[in-house]
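Novice: Let me give you the structure first, and then I'll get to my questions.
All of the numbers you see were taken from the coordinates with simple rules; none came from a lab. Keep in mind the model is a prediction, meaning the values are calculated, not measured. We place every Cβ from the backbone using ideal geometry, glycine too, and count neighbours over all the protein chains shown.
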Amino acid sequence: MTFSDPFDLAKFVRYSHDKHKESNITNLEDLYQYESYYSNIGLRISEEITPKLHQNLNIVCNRLKVPQNRIKAFVLSRPDINAHCKHFQKKGAIIALNSELINLMSDGEVQFIIGHEIGHFLFNHNYFDDNPKITKTESKNSRAGEISSDRIGLLSCINVDLAIKAMIRLQSGLSDKFLRFDTSAFLLDTKSEKLVRSQLENSTHPSARIRADALLRFSLSEPYQLIINNEESGAKLSDVDKHVKKELDTYFNLREKSFFEKLFD
Ligand SMILES: [Zn+2]
């Protein structure tokens, strides 16, 4: 199954509880302004100066059928393993990758990260990363958005092992010298992690374990199999999403609220 419009592809795999409102930014001038800002604080990804990154960006855009001129990609000299996306509805997006992330990651992992960030553009997600006053509903929406974007990341690198490796890398900051890749050992800690999730209800991202588990399930789902192998097999996406929701709901403290808590809720 192929999609000629990347926004249709995104709709097809979107996590069903990812219901972001339309973003208000529509002005193309803003995109140009941000573009010149980023070309000042970072290095534009280009064939001449960063050929390997340019090639990975090309591969991702081709796989997602996103016109490459809509994606302005930059590297920022920053020590934290991170990336972000500023998008301007369907008009275009700026993708910024921190240098440390690139120094540590393999090509497939970089493709996953680039794809994940382009995912935020395709889903028109709101961004809350720098907002300390984030509400519970906003953080819940943000976590749901990450699940959808990971799916686009996977469709960009087409290798669930590499995608999960990128997640463990983001979580640990480790190079291959110290990292042994073992998904099932990594997911084993999920049980103990559940105990602390309710303390993290304002976090904008689900834990790497939830994301890895959700992606693994998505890789076995019917939509993924249809897109990648053209086969009508695998789990229904609604069943995958049901499981993911159950995991994400553990971020909320489910104990009975006191009278005063209810009063000020
Ligand atoms: Zn994200």
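Novice: Which whole-number percent gives the relative contact order of the range 154-221, counting Cα pairs below 8 Å spaced six or more residues apart?
Specialist: Working: 24 pairs, mean separation 31.5, N = 68.
Relative contact order for the range 154-221 comes out at 46 percent.
Novice: Give me the distance between the Cα centres of the range 151-183 and the range 60-89, rounded to whole Å.
Specialist: 18
Novice: Suppose a student asked you for the relative contact order of the range 2-112, using Cα pairs under 8 Å spaced at least 6 residues apart; what percent would you report?
Specialist: For the range 2-112, the relative contact order is 26 percent.
Novice: Going by average Cβ density within 10 Å per residue, which order do the peptides 145-151, 36-42, 3-9, 68-74 take, highest to lowest?
Specialist: 145-151, 68-74, 3-9, 36-42
Novice: Going by a ≥ b ≥ c, the root eigenvalues of the Cα gyration tensor, does the range 72-115 fall in the rounded group (a/c under 1.5), the prolate group (a/b larger than b/c) or the oblate group?
Specialist: Numbers: a/c = 2.95, a/b = 1.65, b/c = 1.79.
Note, shape of the range 72-115 comes out oblate.
Novice: Only four residue types carry charge here, +1 at the Cβ of Lys and Arg and -1 at the Cβ of Asp and Glu. Report the dipole size of the chain about the Cα centre in Debye, rounded to the nearest 20. Intermediate values should be presented prior to the final figure.
Specialist: Numbers: 36 positive and 36 negative charges, 84 e Å.
About 400 debye.
Novice: Let me ask something else. A 25 angstrom limit on the alpha carbon distance is what I want to check against. Which of 65/246; 52/236; 72/177; 11/65; 133/236; 133/242 exceed it?
Specialist: Checking Cα-Cα distances, 65/246; 52/236; 72/177; 133/236; 133/242 exceed 25 Å.
Novice: Next question. When only C-alpha pairs under 8 Å and at least 6 residues apart count, what is the relative contact order of the chain, in percent? Don't jump to the answer; show the numbers that get you there.
Specialist: Working: 381 pairs, mean separation 51.5, N = 265.
It rounds to 19 percent for the chain.
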